[in-house]
2 protein chains.
Amino acid sequence: MLGGMPLQPVARRSVPDEVFEQIVADVVRGELAPGATLPSERRLAEVLRVSRPAIREALQRMAQAGLVEVRQGDATTVRDFRRHAGLDLLPRLLLPRGELDLSVARSVLEARLHVGPKVAALAAERAGAGLAGDLDTAISALEADDDPVTRQRHALTFWDHVVDGADSIAFRLMFNSLRAAYEPALEALATVMAAEVNRVPAYRALATAITAGTPDAAHTAAEHLLKPATDAFLTAIHQLEQA
Amino acid sequence: MLGGMPLQPVARRSVPDEVFEQIVADVVRGELAPGATLPSERRLAEVLRVSRPAIREALQRMAQAGLVEVRQGDATTVRDFRRHAGLDLLPRLLLPRGELDLSVARSVLEARLHVGPKVAALAAERAGAGLAGDLDTAISALEADDDPVTRQRHALTFWDHVVDGADSIAFRLMFNSLRAAYEPALEALATVMAAEVNRVPAYRALATAITAGTPDAAHTAAEHLLKPATDAFLTAIHQLEQA
DNA sequence: GAAGTGATCTGGTCTGACCACTTGACCTCT
DNA sequence: AGAGGTCAAGTGGTCAGACCAGATCACTTC
């Protein structure tokens, strides 16, 4: 019994979490348009049946994310998240209400295809001694696994090491944000990504180019690795948009 | 009197803000190493002479930023921000304690040089009708201004429109994050960036390429625009590191 | 020694009060 | 009429203290 299911550890969202999630969803979905004013904290507390501190915590976190502006003495207003939110918002845009947003997915894959090769090139340029081993370990783990989903995880580990090698804090944080968006969508993307994640030799080639310290070769190898699945997804979206 | 000074609107940080800023600084500076446990909320409230809700708000915001992990029943622990923080953290890394962090600045300029041309190319590919006018307005404003700092702001407005034209939410949010990091450093970078921001014709050329709908030309034009200042800064850093 | 168990840490949540700021209606003097 | 001052009401900001709930670990018990 229990099958193969790993029994998720019971998502026990805290009250402020719940409130945060709910209002963020409303903003992202556009039901709360930019410029709109939120009900007062007391009112929200009353309506949602929670205490005011819980509301406050949620609103402050939204303010930090750039989704609302809260000013003492005045009502809290919704901001235009496309204008003011940072890359950390991406996860909530990619999977609103559990469904993959295709236009967001498109832009994420575009960004990945553009940034991946650059990071690989930087890694080739500055890679330290330990990197070769780390890359090899990640590829072996990837190879030893069959499941498309866990293979994607191993691929992420591989890239994680590449980003380490690139030694650029901006690209590092960028990767973290993209990964945070990508990770919850692993299953939804399993089919599309299987083709990429199965090409173990392509990973090997990339690792070799990086280890050899040849930026151009690494750039090319990364492109060869990332392009097919990206293109496949983009054309698939394109066809969906036609219909 | 009052000179030309715009009289900043008095930074009145709230108590939770203050606490947040202070602990974030400790984490970023490395004084609170990854794995370290924070004092309990009650203890922190006592030591910092503020209420517990204030502490909570700050800690929850830190958790959202990926800087700490807070679990009920156990102490709050510091996470490795290089591993878990998103791009939104960049501003606090670029200007810790008011001074520019050169290695962070290097990676930001690297990222800018890499992403800028791509965004320009995308804009050329998908630009709508209104873009040409917006770009022109931004360039005119830039041209009409003399101050290197405000010129940088106009340049940001210009890029803002380019990013709009690229029509990619991932790149949009990425730009927002980079801009948020860049903006507070405008003055510190004024000297280095003056050379770039004075080259009005380069902006014109880029705008033309985008408006013409020629991605390759736009890519090249953007590189021509961004590369000199980037290179100048990188070699400057390099020389500083030698000394 | 291993399993249970409870004291005591930790964060999670609520209540209700008061402070500080913004706004806008209203009032007043010019 | 218009410019300025005043004040009530609504909003977020902050606090104190209490109690709930999960995690830990030393201690008991078998």
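General observations
- Rounded if a/c under 1.5, otherwise prolate or oblate - segment B:143-190, Cα gyration tensor axes: oblate
- Between 0 and 90°, nearest 10: helix A:52-64 axis offset from chain A longest Cα axis: 50 degrees
- Principal-axis tilt of helix B:15-29 within chain B, Cα atoms, nearest 10 degrees: 80 degrees
- Shielding of peptide B:163-171 by partners, expressed as the average count of other chain Cβ atoms within 10 Å per residue Cβ, is 6.
- Separation of the B:GLU183 and B:GLU143 label points, Cα + 7 Å toward Cβ, nm: 2.7 nm
- Fewest-first sequence of A:LEU156, B:LEU38 by Cβ atoms within 10 Å of each Cβ: A:LEU156, B:LEU38
- Only Lys, Arg (+1) and Asp, Glu (-1) charged, at Cβ; segment B:196-243 dipole about Cα centre in debye: 200 debye
- Against chain A, whose longest principal axis comes from its Cα atoms, helix A:169-182 is set at around 70 degrees.
- Taken about its Cα centre, segment A:74-223 carries a charge dipole of roughly 400 debye when the Cβ of each Lys and Arg holds +1 and the Cβ of each Asp and Glu holds -1.
- When each of B:SER14, A:SER107 is scored by the number of other beta-carbon atoms lying within 10 Å, the sequence from fewest to most is B:SER14, A:SER107.
- Residues A:THR150 and B:GLN239, FRET efficiency given R0 of 41 Å [Cβ-Cβ distance, rounded to 0.05]: 0.30
- Cα-derived Rg over Rh, computed across segment A:29-111 with Rh taken as Kirkwood radius: 1.03
- Our helix-only sum for chain B, with -39,500 (n - 2.57) per DSSP H run of n ≥ 4 divided by its residues, gives a mean residue ellipticity at 222 nm of -22500 deg cm²/dmol.
- Take the Cβ atoms of B:ASN198 and A:SER103, set R0 to 45 Å, and the FRET efficiency comes out at 0.75.
- Between B:ALA63 and B:THR208, the simple spin-label model (points 7 angstrom out along Cα→Cβ) gives 5.6 nm.
- Neighbours of B:PRO148 by Cβ distance under 12 Å: Lys/Arg scored +1, Asp/Glu scored -1, total -3.
- Overall form of the protein assembly as shown per C-alpha gyration tensor (a/c, 1.5; a/b vs b/c): rounded
- A dipole drawn for segment A:49-159 from +1 and -1 charges on Cβ atoms has a positive end, and of A:GLY128, A:LEU142, A:GLY116 the residue lying farthest that way is A:GLY116.
- Dipole magnitude of the protein assembly as shown, debye to nearest 20 (Cβ charges: Lys/Arg +1, Asp/Glu -1, about Cα centre): 1100 debye
- Cross-link partners for B:LYS227 among the lysines, with Cα-Cα distance under 21 Å and sequence neighbours closer than 8 places in the same chain left out: A:LYS118, B:LYS118.
Just so you know, all these numbers are worked out from the coordinates, no wet-lab data involved. What you are looking at is a predicted structure, and each value in this text was computed from that prediction instead of being measured. Quick reminder, even Gly has a Cβ in these numbers, built from the backbone with ideal geometry, and neighbours come from all protein chains shown.
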